[in-house]
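FYI, it's all coordinate maths here, none of it is from the lab. Quick caveat, the model's predicted, so the values are computed rather than measured. Note that each Cβ is placed from the backbone with ideal geometry, even for glycine, and that neighbours are counted across all protein chains shown.
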């Protein structure tokens, strides 16, 4: 069988099982989104860590662990799985590791949260590291399976509906978190957070069952890289030869840098504005509502005008997030709600815009490498939450928020120069 024939058969299989893959992908995606809400690094986990230790560095460490853990394994994963025709089984193992990690954390939080907070914090960092590393490996695998299972012109619609329904569940998760944290008599610490973490584990298990139902088309693949060193060399060549790819890296890097402030918004609200614990759930709900409300817009923009328009919109909402936090009076908890709405819109647009943009930039054989390279080169930026946590003790929140606003203005200028590969194929990621 020739390569062209094999590709044609795989594309036909993708069309044949599109409806099944669409529905199975929705089950996976929406419950993964719900799990992400219950274990949110931007609201729930910072509030939990703040009860275990007063150190803002610990909160920054959690965000940095997630950022580094999710990007460092990607290049190695791309190399190991480069010539594997089926990648779905690997992601099933990865999802299993992730839901078991949350289940273990839920039990340990319940058993030792009040008596041995230092132990729980250490276990939290360790399990969250494992969780994040598994997530980093899964990003490459999921991108490959997703790109084969859902045809190009339907990815925006699929991602839009997946995130819309997922955010609806996540909004409900925010109310659940608020209900649990508001009822300290019925759900005292640390039982309250143990229940929340258990909900995350259960949601991930349901996401596992959804992904198991996906029918993965088999495209012809071959090993191009002879070693991990060879893969890294090819990856760097890709970056040197593709100025549009470099612009994409700069744009995503600046957005990621500003999102490094995200875990500290809820801490700032708790310490600077004096909101109660239940309001954390309300902020989580507003973050998810912002993501849901913006999601139809992002999906429509991506399908109608290309993903560059989504990235540009993300840069705008990303700039409004620290700007609103900077302008809100210290006595107005309600006025702080738009901060989390814009944060949710930024995260939603970033997930949809950047992921779909890179999928359209790269050919099938280069796709795992380009996805991994995009994230691996941004590893230093992933350490910025730790830096931010340390800087908060030395400089003020307003100074950091001002810096974040300025960075997003620069980002908007860079994104305007970005070329959408859908409209200009010569701007793609080619070797």
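Based solely on its DSSP helices, what 222 nm [θ] is calculated for the chain when runs of n ≥ 4 H residues each add -39,500 (n - 2.57) and the sum is averaged over all residues, nearest 500 deg cm²/dmol? Numbers along the way, then the final one.
Working: 18 runs with 333 residues, N = 431.
Rounded to the nearest 500, the figure is -26500 deg cm²/dmol.
Multiply the residue separation of residue 335 and residue 93 by 0.36 nm, subtract the distance between their alpha-carbon atoms, and state the gained length in nm to one decimal. Present the calculation step by step, with values, prior to reporting the outcome.
Working: separation 242, 0.36 × 242 = 87.12 nm, distance 4.29 nm.
Here the answer is 82.8 nm.
Starting from the Cα of residue 305, step 7 Å along the direction of its Cβ; do the same at residue 423; then give the gap between the two resulting points in nm.
Taking the simple label geometry, residue 305 and residue 423 are separated by 0.9 nm.
At 7 Å along the Cα-to-beta-carbon direction for both residue 206 and residue 115, put a label point, then send me their distance in nm to one decimal.
In this crude label model, residue 206 to residue 115 measures out at 3.3 nm.
Pick out which of 175, 107, 354 has the largest mean-square fluctuation in a Gaussian network model of the chain, springs linking Cα atoms closer than 10 Å.
Highest fluctuation of the listed residues: 107.
What percent does the relative contact order of the chain come to when contacts are Cα pairs within less than 8 Å and at least six residues apart? Don't skip to the end; give the middle numbers.
Working: 714 pairs, mean separation 121.3, N = 431.
Relative CO of the chain lands at 28 percent.
Between residue 186 and residue 215, with labels modelled 7 Å along Cα→Cβ, what's the label distance in nm to one decimal, could you check?
4.5 nm
As an exercise, use a Förster radius of 35 Å and the Cβ-Cβ distance of residue 387 and residue 293 to find the FRET efficiency, rounded to the nearest 0.05.
Values: r = 31 Å, r/R0 = 0.90.
So, using R0 = 35 Å, E works out to roughly 0.65.
Taking Cα extents along the principal axes in Å straight from the coordinates, which label in (1) 73, 63, 55; (2) 101, 79, 60; (3) 67, 43, 39 is the correct one?
(3)
Find how much the distance from residue 396 to residue 413 grows on full extension, using 0.36 nm per residue of separation minus their present alpha carbon separation; answer in nm with one decimal. Spell out each step's value before the answer.
Values: separation 17, 0.36 × 17 = 6.12 nm, distance 2.72 nm.
Length gained, residue 396 through residue 413: 3.4 nm.
Where does helix 337-361 land angle-wise versus the long Cα axis of the chain, in degrees 0 to 90, nearest 10?
On a 0 to 90 degree scale, this one is about 20.
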